[in-house]
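Visitor: Could you have a look at this structure, given as structure tokens, before my questions?
The values are calculated or read from the model by the stated rules, or taken from the named source; none is laboratory data. Quick caveat, the model's predicted, so the values are computed rather than measured. Positions of Cβ are backbone-derived with ideal geometry, glycine not excepted, and every protein chain shown enters the neighbour counts.
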Amino acid sequence: MAVRELPDAAYLRECLDYDPETGVFRWRERPLSHFVSARGRWQWNPKHVGKIAGSLDPLGYRLIGIKGVLLRAHRLAWVLMRGGPVPSEIDHIDRDPDNNRISNLRAATRSENMGNTPMRRDSTVGAKGIQRQPNGRFQAVIRHKNMRFCVGTFDTVEEASAARKKAAAFLHGEFARDG
């Protein structure tokens, strides 16, 4: 998703209440200056004030519409709590895209963020980054900075997984995740 220009923190505070402990955004009563007419304000405020803002997209990220543009809630949390500049990648430490607690968000590079991904759903061996070879052995692979590295080929899934975990810890550091 392309990085969009975000409204400044003052404008966001006019629109939203953000609880950094829960990560929940709620609509505030918005001033007349946010609307084209008094009627728009009169119709919008009673319907939305106090309710949880936004909705979930198909990937589970909360999107909140501000000034006619859908913005990801974790980026808004960053602006409200940490100010700018907002990093191009923000990682959800626990991998829950709707957990927007500020303590669950950290700046990341694309490579670091990809290091925090779960095992693929179509894994045939049940371990992240492990592939069964035609000869019956198991190859451990890892990606880093858009390059694919072969960690090695092993007799068991457990050996391959252990080697991959060690490589992930070295390459991805605190962002390394298995499974």
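Visitor: Can you go through Asp94, Asp98 and tell me which one is assigned by TED's automatic domain parsing to the domain that holds Leu16, assigned to a loop (DSSP other than H, G, I, E, B) and without any contact (Cβ under 8 Å) to a residue 40 or more places away in the chain? First the steps, then the outcome.
Guide: On the way: Asp98 fails: without any contact (Cβ under 8 Å) to a residue 40 or more places away in the chain.
From the options Asp94, Asp98, the qualifying one is Asp94.
Visitor: Quick test of your reading of the structure: Ile90 fulfils all but one of (1) β-branched (Val, Ile, Thr); (2) loosely packed, with under 14 Cβ neighbours inside 10 Å; (3) touching a His at 6+ places or on another chain (Cβ under 6 Å). Name the failing condition by number.
Guide: Among (1) β-branched (Val, Ile, Thr); (2) loosely packed, with under 14 Cβ neighbours inside 10 Å; (3) touching a His at 6+ places or on another chain (Cβ under 6 Å), Ile90 violates only (2).
Visitor: On to the next question. Just for region 110-169: of the residues that are under 22 Å from the mean Cα position of the chain (by Cα), crowded, with 17+ Cβ neighbours inside 10 Å and of a type outside the set (Lys, Arg), which one is nearest to Glu89 (Cα to Cα)?
Guide: Among them, the one singled out is Asn113.
Visitor: Same structure, new question: Can you tell me which residue within region 58-70, out of those that are closer than 18 Å to Asn104 by Cβ and in contact (Cβ under 8 Å) with a residue 12 or more places away in the chain, is surrounded by the most Cβ atoms within 10 Å (Cβ to Cβ)?
Guide: As a first pass, look at region 58-70 and keep what is closer than 18 Å to Asn104 by Cβ: 59-64.
When the remaining residues are screened for being in contact (Cβ under 8 Å) with a residue 12 or more places away in the chain, the result is 59-62, 64.
Working: Leu59: 9, Gly60: 12, Tyr61: 19, Arg62: 23, Ile64: 20.
Restricting to residues being closer than 18 Å to Asn104 by Cβ and in contact (Cβ under 8 Å) with a residue 12 or more places away in the chain, the top hit is Arg62.
Visitor: Any residue that is modelled with pLDDT of 85 or more, in contact with a Phe, Trp or Tyr (Cβ under 9 Å, 6 or more places away or on another chain) and among the charged types (D, E, K, R) - is there at least one of those in region 112-128?
Guide: Scanning region 112-128, I find no residue that is modelled with pLDDT of 85 or more, in contact with a Phe, Trp or Tyr (Cβ under 9 Å, 6 or more places away or on another chain) and among the charged types (D, E, K, R), so the answer is no.
Visitor: What tally of residues in region 143-179 results from selecting those that are within 22 Å of Arg132 (Cβ to Cβ) and in a loop (DSSP other than H, G, I, E, B)? Before the answer, list the steps.
Guide: We begin by selecting, within region 143-179, every residue within 22 Å of Arg132 (Cβ to Cβ); these are 143, 148-168, 177-179.
From the residues that got through so far, the ones that are in a loop (DSSP other than H, G, I, E, B) too are 155-156, 177-179.
Selection size over region 143-179: 5.
Visitor: Any residue in region 21-48 that is of a type in the set (Asp, Glu) sitting within a Cβ distance under 7 Å of a residue that is modelled with pLDDT under 95? List the pairs, counting only those 6 or more apart or interchain.
Guide: Going by the 7 Å Cβ cut-off, the qualifying pairs are Glu29/Asn45.
Visitor: Inspect all residues belonging to region 39-49 and state whether any of them is among the small types (Gly, Ala, Ser), assigned by TED's automatic domain parsing to the domain that holds Glu158 and modelled with pLDDT under 95. Full working, then the answer.
Guide: Step one: list which residues in region 39-49 are among the small types (Gly, Ala, Ser), which gives 40.
With assigned by TED's automatic domain parsing to the domain that holds Glu158 added as a condition, the list becomes none.
Scanning region 39-49, I find no residue that is among the small types (Gly, Ala, Ser), assigned by TED's automatic domain parsing to the domain that holds Glu158 and modelled with pLDDT under 95, so the answer is no.
Visitor: Take the residues in region 170-179 that are closer than 15 Å to Arg95 by Cα and out of contact with any Ser or Thr (no Cβ under 8 Å at 6 or more places or on another chain), then tell me which one is modelled with the lowest pLDDT.
Guide: Top of the filtered list is Gly179.
Visitor: Mind listing whichever residues of region 124-142 are assigned to a loop (DSSP other than H, G, I, E, B) and out of contact with any Gly (no Cβ under 7 Å at 6 or more places or on another chain)? Write out each step before concluding.
Guide: Within region 124-142, the subset assigned to a loop (DSSP other than H, G, I, E, B) is 124-129, 133-137.
Once the filter is applied, which keeps residues that are assigned to a loop (DSSP other than H, G, I, E, B) and out of contact with any Gly (no Cβ under 7 Å at 6 or more places or on another chain), region 124-142 yields Thr124, Val125, Gly126, Ala127, Gly129, Gln133, Pro134, Asn135, Gly136, Arg137.
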